[in-house]
Amino acid sequence: MRAAIVILIIFGVTGGCYNYNPLTTPSPEPGSYVAVTLTDSGSQELAHYLGPNVFVVRGRYLGDSDGGLLLSVASVELKRGNELSWEGETVALPNGTIASLDVRRLAKGRSILLAGVGAGGLVAATLAFTLNGGGTPLGPGRSRPNPQ
């Protein structure tokens, strides 16, 4: 039972729900996960770095440089809606190419709901598969079979 609780806690921590919220400070905290939406002209300007038709760039914010916003890219989303994974390459996004900047934050309400559903499912599965020996009791004139 303790192993199940540990697994549930790990699932709750790693399987949380996230929202992207507009940035409310002048710049995000270094290391925070961000989504940068590019302008149309910025998408064309950065096509030789990011690929054609990139609409959103997601990754870890590293800081600012003379070249613009430094990002360790985790994925890019194309205008068609396809998402392509990256391996964390560092890219500088000039400020003029950025339409909006959103920061990923934990959605507490949905994460708590997810953890509650997971815990309920774990309890239901445990109860469903628990063997409690509820066989037919021996009555008068019935004996146990001989072990062979």
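Under 18 Å from a label point 7 Å along Cα→Cβ of Asp64: give me every residue in the range 86-106 with its amide N that close. Residues 91-103 fall inside that zone. Per-residue 3J(HN,Hα) values for the range 86-101, derived from phi via the Karplus relation 6.51 cos²θ - 1.76 cosθ + 1.60 with θ = phi - 60°, read 10, 9, x, 4, 8, 10, 9, 9, x, 4, x, 8, 9, 8, 7, 9 Hz in sequence order (x marks Gly and Pro).
Our summary gives the range 19-105 a relative contact order of 37 percent, counting only alpha carbon pairs under 8 angstrom and 6 or more residues apart. Counted over the range 19-105 with a bin width of 10 Å, the fraction of Cα pairs per bin, in whole percents, is 19, 59, 22, 0. Taking 7 Å along the Cα-to-C-beta vector as the label spot, tell me the Ser100-Ser41 distance in nanometres, rounded to one decimal. A separation of 2.0 nm, rounded to one decimal place. Simple spin-label estimate for Ser32 and Ser75 gives 2.1 nm between the two label positions (7 Å along the Cα-to-Cβ direction from each Cα).
Read the figures in this text as sums done on the coordinates, not as results from a lab. Just so you know, these numbers come straight off a predicted model, no measurement behind them. Cβ: placed from backbone, ideal geometry, glycine included. Neighbour counts: every protein chain shown.
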